[in-house]
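Note sheet for the following structure.
Values quoted throughout were computed directly from the atomic coordinates according to the rules given, and no laboratory measurement underlies them. Computed from a predicted structure; not experimentally measured. Here Cβ is always computed from backbone atoms with ideal geometry, including for glycine, and neighbour counts include all displayed protein chains.
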Amino acid sequence: MAQDAFENIVADFEFLDDWEDRYRYVIDHGRAMEPLDEALKVPATKVDGCASQVWLHPNTDGGMFSFDGDSDAMIVRGLISVLRALYNDLPIAEVPKVDAPTELARLGLNDHLSAQRSNGLHAMIERIRTVAADAA
């Protein structure tokens, strides 16, 4: 059920042998993302539960879900880009059907993120699911 963009990340990960290379890949993916406009970095878009500063700005126009995001930590920016690949351009009704933990486990993220990063990733997923549920 994953998006093509996410499947591309999974395929890229298969060619990277060690976690250090995968870690750099995630960071590079985050660097390639456009920064979130400073005007959108407000309390309403801030994600609580993350060790880093994280902002997610959703868009639910036209029945489709997408979001932009940013963080002050490079690895978290990369994780945001991975979540964008997983969720962006889905019909809003499909967002809650995405089994994000299972999809992310395909990348091995569960085994290589600190407890704080894992909690932050979970908080971002919950924010995405809540926004989609409210928009449905």
Ordering 22-29, 7-14 by per-residue average of other C-beta atoms within 10 angstrom, highest first, gives 22-29, 7-14
Let me have the 222 nm mean residue ellipticity of the chain computed from DSSP H runs of 4+ only, each contributing -39500 (n - 2.57), with the sum over all residues rounded to the nearest 500.
-16000 deg cm²/dmol
Enumerate the calculated ³J(HN,Hα) couplings along segment 83-94 in order (Karplus 6.51 cos²θ - 1.76 cosθ + 1.60, θ = phi - 60°), each rounded to whole Hz, writing x wherever the residue is Gly or Pro.
5, 4, 5, 7, 10, 4, 6, 8, x, 3, 5, 7
Any idea how far the Cα center of segment 31-93 sits from the one of segment 117-136, in Å?
10 Å
Can you compute the FRET efficiency between residue 106 and residue 126 using 1/(1 + (r/R0)^6), with r the Cβ-Cβ distance and R0 = 22 Å? Round to the nearest 0.05.
0.65
Could you give the dipole magnitude of segment 8-51 about its Cα centre, charging the beta-carbon of Lys and Arg +1 and that of Asp and Glu -1, in debye to the nearest 20?
280 debye
Extending each Cα 7 Å along its Cβ direction at residue 33 and residue 94, get the distance between those two points in nm, one decimal.
2.0 nm
Mind running the shape call on segment 42-136? Use the C-alpha gyration tensor, a ≥ b ≥ c as the square roots of the eigenvalues: rounded below 1.5 for a/c, prolate if a/b tops b/c, oblate otherwise.
oblate
What residues have an amide H closer than 5 Å to that of residue 65, excluding those fewer than 5 places away on the same chain, when H is modeled at 1.01 Å from N in the peptide plane?
89, 90, 92
Mind listing the long-range amide H neighbours of residue 57? Cut-off is under 5 Å, sequence gap 5 or more, other chains count too, H placed in the peptide plane at 1.01 Å from N.
68, 69
Rounded to the nearest 20 debye, what is the charge dipole size of the chain about its Cα centre when +1 sits on each Lys and Arg Cβ and -1 on each Asp and Glu Cβ?
400 debye
Note, ³J(HN,Hα) from phi for segment 49-54, Karplus 6.51, -1.76, 1.60, rounded to Hz, x at Gly and Pro
x, 9, 5, 9, 7, 9
Answer with one residue from 98, 122, 6: the one whose Cα lies farthest towards the positive end of the charge dipole of the chain, charges on Cβ with Lys, Arg +1 and Asp, Glu -1.
122
In nanometres, the difference between 0.36 nm per residue of separation and the alpha-carbon distance of residue 59 and residue 16 is 12.2 nm
Ranked highest first by the average count of other Cβ atoms within 10 Å around their residues, in what order do 62-69, 43-50 fall?
62-69, 43-50
Can you tell me the relative contact order of the chain? Whole percent, Cα pairs under 8 Å, sequence separation 6 or more.
28 percent
